[in-house]
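Down below is the structure, laid out as structure tokens.
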Amino acid sequence: MLRRWQAVALAVLAAVAIACDGAGEAAPEPSKTTAAPPSSRYPSSMAALGDSITAGLGSCLAFVACGRNSWSTGAGRAVESHYRRILERNPKIEDNADNFAEPGAEADALAGQADRAVEAKAQYVTILIGANDACAGRVENMTPVRTFRKEIDRGLSRLKKGLPKSRVLMVSIPDLYRLWQVGSENEKAARVWSDGRICPSMLADPTSAAPADDERRRAVRDRIDAYNEQLRKACSAYGKRCRWDGGRAHEVRFTLDLVNEIDYFHPNVEGQNELADVVYPGRFNW
């Protein structure tokens, strides 16, 4: 999940993607008189919006987008994605999951992705975006919080107008400061990050203890916190059809076992599974 200028190495999680089975508990039995059939509580179509994390970058053998391993719409057997969990409960969603996430996407790309979700008539839309707005070449180049919120609202407005009855899941931005903390002590990760191509605002000079570098990293950490607060508020303003993940994605205690060994930044299959699990909304009754 890197900025658009980082065409060489983009976004979160890597591993082989070919294992088995969906997951999740069975839906409760409906009442014979009032409750709708279990399948009707789950969407029959969905779309994923966001950046390289949701695109599954680095989660296959090659360092490319790998949608089959996406935490959101992945259909591969290696990941217990939201799509596969829903499929167990509502077969109508089969082959009706679109992934419009793009490596390098920032908040200003959300509106265009939302338009595609509207065209696809998605009944469930997941959004995870914002890391690239913080992963700038320099701290001064990070997207201003006010601008970030404006772009998020623009995308949500497209969804609300085009898909007024669809459900939207807003996911918090992962904790990149935590990733730096665990990765800076690993020789291989530090070596990869030192070339300045992977989220330089946070990961450049990863082993430096200089006050200026510490201040830089904390500025990025604080900006991500500010973005997450705006994502929460934007979802609340959207109304009851938007669910905030409660900051769960940000709270994941990522270790290097959950990211790929190419850029030590993007989630591998295990990381995608962890993300899918912590933000899964469970019953679709909102």
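Remarks
- Within the stretch 118-137, the set of residues being closer than 19 Å to Gly104 by Cβ and either polar (S, T, N, Q) or not in a loop (DSSP other than H, G, I, E, B) (or both) comprises Thr126, Ile127, Leu128, Ala131, Asn132, Asp133, Ala134.
- Unmet criterion (only one of (1) within 15 Å of Cys242 (Cβ to Cβ); (2) surrounded by fewer than 24 Cβ atoms within 10 Å (Cβ to Cβ); (3) in contact with a Ser or Thr (Cβ under 9 Å, 6 or more places away or on another chain)) for Lys161: (3)
- Scanning the stretch 255-275 for residues that are surrounded by fewer than 22 Cβ atoms within 10 Å (Cβ to Cβ) and either of a type outside the set (D, E, K, R) or under 21 Å from Glu151 (Cβ atoms) (or both) yields a total of 3.
- Residue list for the stretch 202-217, restricted to those being loosely packed, with under 13 Cβ neighbours inside 10 Å and assigned to a helix (DSSP H, G or I): Pro211, Ala212, Asp214, Glu215
- When we screen Asp205, Asp245, Asp277, Asp257 for residues that are in contact (Cβ under 8 Å) with a residue 24 or more places away in the chain and in contact with a helix residue (DSSP H, G or I) (Cβ under 8 Å, 6 or more places away or on another chain), the only hit is Asp245.
- Within the stretch 231-279, if we keep just the residues that are part of a helix (DSSP H, G or I) and in contact with a Phe, Trp or Tyr (Cβ under 6 Å, 6 or more places away or on another chain), the residue that is nearest to Met142 (Cα to Cα) turns out to be Arg232.
- Here Arg146 fulfils each of the conditions (1) over 16 Å from the mean Cα position of the chain (by Cα); (2) surrounded by fewer than 24 Cβ atoms within 10 Å (Cβ to Cβ); (3) touching a residue at least 40 places away in the same chain (Cβ under 8 Å) apart from (3).
- Applying a threshold of 6 Å to beta carbon distances and a minimum spacing of six or more residues, or different chains, the list of pairs starting in the stretch 125-139 at a residue that is under 9 Å from Asp51 (Cβ atoms) and ending at one that is modelled with pLDDT under 95 reads Ala131/Met1; Asn132/Met1; Asn132/Arg3.
- Test result for Gly282, under 25 Å from Glu88 (Cβ atoms), modelled with pLDDT under 95 and out of contact with any Lys or Arg (no Cβ under 7 Å at 6 or more places or on another chain): yes
- Condition met for Ala109 (buried (at least 24 other Cβ atoms within 10 Å of the Cβ), aliphatic (A, V, I, L, M) and within 19 Å of the chain's Cα centre (by Cα)): no
- Selection status of Ala75, of a type in the set (Gly, Ala, Ser), touching a helix residue (DSSP H, G or I) at 6+ places or on another chain (Cβ under 7 Å) and either over 24 Å from Asp153 (Cα atoms) or in a helix (DSSP H, G or I) (or both): yes
- Meets criteria (surrounded by fewer than 17 Cβ atoms within 10 Å (Cβ to Cβ), in a helix (DSSP H, G or I), modelled with pLDDT of 95 or more and of a type in the set (Asp, Glu)) for Glu140: yes
- Residue match in the stretch 188-201 (condition: small (Gly, Ala, Ser), buried (at least 23 other Cβ atoms within 10 Å of the Cβ), in contact (Cβ under 8 Å) with a residue 12 or more places away in the chain and closer than 30 Å to Tyr83 by Cβ): no
- Annotation note: of Glu94, Glu80, Glu140, Glu102, the sole residue that is over 20 Å from Cys235 (Cα atoms) and in contact with a Gly (Cβ under 7 Å, 6 or more places away or on another chain) is Glu80.
- Taking the criterion of being touching a residue at least 24 places away in the same chain (Cβ under 8 Å), surrounded by fewer than 17 Cβ atoms within 10 Å (Cβ to Cβ) and in a helix (DSSP H, G or I), the residues of the stretch 164-184 that qualify are Tyr177, Arg178.
The values are calculated or read from the model by the stated rules, or taken from the named source; none is laboratory data. Note that the structure is predicted; figures quoted are calculated from it, not measured. Methodologically, a virtual Cβ is constructed for each residue, glycine included, from the backbone with ideal geometry; neighbour enumeration extends over all protein chains shown.
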